[in-house]
Amino acid sequence: MLLVTRDVMQDVMARAKREHKVRALGMTGVFDRERFLASLEGVNAVLCNSSDKFDASLIGALPSGIKVIATYSVGLEHIDLEAARARGIEIRNTPGVLSDATAELSLTLMLMAARRAGEGERLLRAHEWRGMTPTFNLGHGVVGKALGIFGMGRIGQRLAHMARGLDMVVHYHNRRRLPPELEAGAIYHEDDKSFLGAIDFLSINAPGGPGTYHWLDRTRVAAMRPGGFVVNTGRGSTVDDEALIAALRSGHIAAAGLDVFENEPDIHPGYYELENVVLLPHIGSATVETRRAMGFLALDGINEVVGIDRNQ
């Protein structure tokens with residue numbers, strides 16, 4: 001029996017039902033832990049997503065029949081991996097297939113923040129536009145500017161490829177330097193200060209976890225060029241919200257584009273007060289093609305563990 005916690009695409013659910021007995025919870029909003037636990041009779045596999053928090057206590061309460069938890073995400077911060085390992089539960093995720101979609105959204109946020117697109121759209125919807133003047137809603141160009149990518153994994157590399165189409169000079173900061181064929185001319189910085197001082201746009205594409213928690217803090221924000229831009233499609237936990245909000249208010253950071261937030265969906269209320277920030281509801285991978293591919297990859301992982309050959 002496969003338990004699916006959230007709604008998934010129709011063709012993903014259709015395949016799941018061909019290969020498994022399925023119990024679909026269709027949860028929305030906050031993960032309902034008690035409902036989940038009450039639905040586990042006969043279940044040997046779970047398909048969840050990043051909104052579902054599998055901490056040590058929840059994993060400890062799972063019946064012994066659970067063999068695998070697959071998550072509709074790349075990140076695994078919502079699952080206590082040590083607790084799962086101790087219970088002998090396999091974990092599967094969906095890397096690789098969402099790189100283009102998330103890189104596209106990083107680029108979208110860069111353009112929206114630089115060109116003040118969110119402000120303009122809100123002005124029109126409020127029926128407050130009075131016509132164009134030469135100084136109206138002035139933003140900044142992106143072509144030829146310096147882009148800094150924090151986290152040069154699959155998504156960061158795809159963003160770099162796209163940014164070169166805008167003649168952007170790509171800099172990056174990573175745990176380790178990439179080989180030349182993956183670097184593709186991007187400029188590596190081992191040092192935070194060197195990296196942040198060299199760029200006009202910062203795109204955060206790094207994973208979450210203790211190693212990147214509040215990486216963009218007051219010190220690193222101050223190291224950025226005045227009037228720079230910040231985009232985050234990685235993990236909300238990498239940003240110290242108080243530090244970024246203060247810099248947006250002062251103008252040290254001209255604008256930001258954010259798709260992920262710490263403690264989402266309960267985001268810092270200070271962001272709602274700012275015109276110079278574009279806010280999106282964690283839609284980095286939200287394309288039809290990508291969500292389909294993620295679902296199929298998650299099912300592949302489940303089938304590998306429970307021993308189902310879909311080609312038989």
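Read-outs: derived from the displayed coordinates by stated rules, not from any lab. It should be emphasised that the depicted structure is a prediction, and the values quoted were computed from it without experimental measurement. Note that each Cβ is placed from the backbone with ideal geometry, even for glycine, and that neighbours are counted across all protein chains shown.
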Pairwise label distance in nanometres, THR135 with LYS193, each label 7 Å out on the Cα-Cβ vector
3.8 nm
Sites matching GluC sites (Glu not before Pro) across segment 11-69 that sit in DSSP coil, with at most 14 neighbouring C-beta atoms within 10 Å
GLU41
In angstroms, what radius of gyration and Dmax does segment 191-295 have, counting Cα atoms only?
14.0, 43
Treating the angle as unsigned and between 0 and 90°, give the value, to the nearest 10°, between the Cα long axis of helix 241-250 and the longest Cα principal axis of the chain.
20 degrees
For the chain, longest principal axis from Cα atoms; helix 154-164 axis from its Cα atoms; angle between them, nearest 10 degrees, is 30 degrees
With the contact rule set at Cα under 8 Å and sequence spacing of 6 or more, what percent relative contact order holds for the chain?
18 percent
Using the Cβ atoms and a cut-off under 9 Å, what net charge is assigned to the surroundings of PHE296, where Lys and Arg are +1 and Asp and Glu are -1?
0
State, as an integer percentage, the relative contact order of segment 189-312 based on alpha-carbon contacts under 8 Å between residues 6 or more apart.
20 percent
How much net charge surrounds PRO281 when only other residues with a Cβ under 11 Å from its Cβ are counted (Lys, Arg +1; Asp, Glu -1)?
-2
How about LYS193: which lysines have a C-alpha closer than 19 Å to its C-alpha, ignoring those fewer than 8 places off in the same chain?
LYS145
Ranked by Cβ crowding within 10 angstrom, fewest neighbours first, how are MET132, MET1, MET294 ordered?
MET132, MET1, MET294
So, counting K/R as plus one and D/E as minus one, what does the shell of residues with Cβ under 12 Å around TRP129 add up to?
0
How do HIS140, HIS189, HIS171 line up, fewest other C-beta atoms within 10 Å first?
HIS140, HIS189, HIS171
What do you get for trypsin sites (Lys or Arg not before Pro) in segment 267-312 restricted to DSSP loop and a cutoff of at most 16 other Cβ within 10 Å of the site's Cβ?
ARG310
Rounded to the nearest 500 deg cm²/dmol, what is the calculated helix-only ellipticity per residue at 222 nm for the chain, with -39500 (n - 2.57) per DSSP H run of length n ≥ 4?
-9500 deg cm²/dmol
Helix 288-306 sits at what angle to the longest principal axis of the chain, using alpha carbons and giving 0 to 90 degrees rounded to 10?
40 degrees
